[in-house]
């Protein structure tokens, strides 16, 4: 078993690194962040100071030229993922890369096909590592639901509804949403599709409809998708909408799995089973959010050390990306169409 303390470089000092870096700090016995790279001098200096990172660089190229690294954690925007993965792979470095691997499925397939077989690459897809989804998976594997008959998933937010000053909370929290060519499905629902695959197995897209609610964004923020589980034909419906009046600005997952023995339901941080077996567990939302990053990075290190088989390796993650791509294909979403 490989238990050396790894030297890790982080690429990207933006919003998401505020969740990656605390997770790495919890693994200080197994890994140390020795450098961070970002074009923004202010951003990289701030993260270096806050998290005690010894050195920072204006580019990933400069960091990889100067540092002897065992692994990199790519926290950069998705448009840069392909080039950054190839850059790190050329150095023979193990890679953890934020989802998605590439802006679309075809680019991701080409990227994976061109990687050396010696490179260990894991996609940072953390939703399936949320504590309530791990527990729900245990319940399903125990057969608590019985035979599954229907699955409904909802993800509703009012974040794209303008307030009295004309501000949209979702765009204040994540301003980059404005310019995304693919928004709700590629940026948000991709997490839910991966979690559903983790829980239920492989699926195919039956139907999809995407819409845009406002002119402050380019891409979709409303989605209705019908999926079918491959092994038994169970229908899985997914509805996501960031412009729902009455919904909270910060959305929460609502998943209902109806089976012959029980209905399993996740509603925010509450997980319950109702039927032949009654169970209820409550989860703290803030702890679950950071905890998913903690668990993902711990799992990456477990994989490098040979303690566990990595779950979100490219071959697995491409299956999630294939669902994303098929949703866009079937929806025929047109960004030029005026919001309804």
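Every read-out reported here was derived from the displayed coordinates using simple, explicitly stated rules and does not represent laboratory data. Here the structure is a predicted model, which means the values were calculated and not measured. Here the Cβ positions follow ideal geometry from the backbone for every residue, glycine too, while neighbour counts run over all protein chains shown.
Observations on the structure shown:
- When shorter helices are ignored and each DSSP H run of at least 4 residues is given -39500 (n - 2.57), the per-residue value for the chain at 222 nm works out to -10000 deg cm²/dmol.
- Against the compact-protein benchmark of 2.2 N^0.38 Å, the Cα-based radius of gyration of the range 206-296 scales to 1.34.
- Mean projected area of the Cα convex hull of the range 6-124, taken over all directions, amounts to 6.6 nm².
- Principal-axis tilt of helix 314-331 within the chain, Cα atoms, nearest 10 degrees: 50 degrees
- Part-to-part distance (alpha-carbon centres) for the range 44-80 and the range 158-221, which is given in Å: 29 Å
- Antiparallel DSSP beta bridges within the chain, as percent of all bridges there, nearest 5: 60 percent
- Compared with the direct C-alpha span, the chain from residue 319 to residue 285 gains 9.4 nm at full extension, assuming 0.36 nm per residue.
- With the convex hull constructed from alpha-carbon coordinates only, the range 164-265 shows a mean projected area of 7.6 nm² over all directions.
- Shape category assigned to the range 85-166 from the gyration tensor of Cα positions, a/c cut at 1.5: oblate
- Given in Å, the Rg to one decimal and the Dmax to the nearest whole number for the Cα atoms of the range 181-223 are 12.1, 37.
- Compactness relative to 2.2 N^0.38 Å, alpha carbon Rg of the chain: 1.01
- Rounded, prolate or oblate (a/c below 1.5 giving rounded, otherwise prolate when a/b exceeds b/c) for the range 92-224 by Cα gyration tensor: oblate
- Between helix 41-51 and the chain: long-axis angle, C-alpha atoms, 0 to 90°, nearest 10: 80 degrees
- Working from Cα pairs under 8 Å separated by at least six residues, relative contact order for the range 6-124 is 24 percent.
- Listed peptides 76-88, 166-178 by packing density, highest first (mean Cβ within 10 Å): 76-88, 166-178
- Helix 285-305 axis, angle to the chain major axis (alpha carbon atoms, nearest 10°): 50 degrees
- Just checking the listed ones, 105, 19, 293: in the Gaussian network model of the chain with Cα springs under 10 Å, the one fluctuating most is 19.
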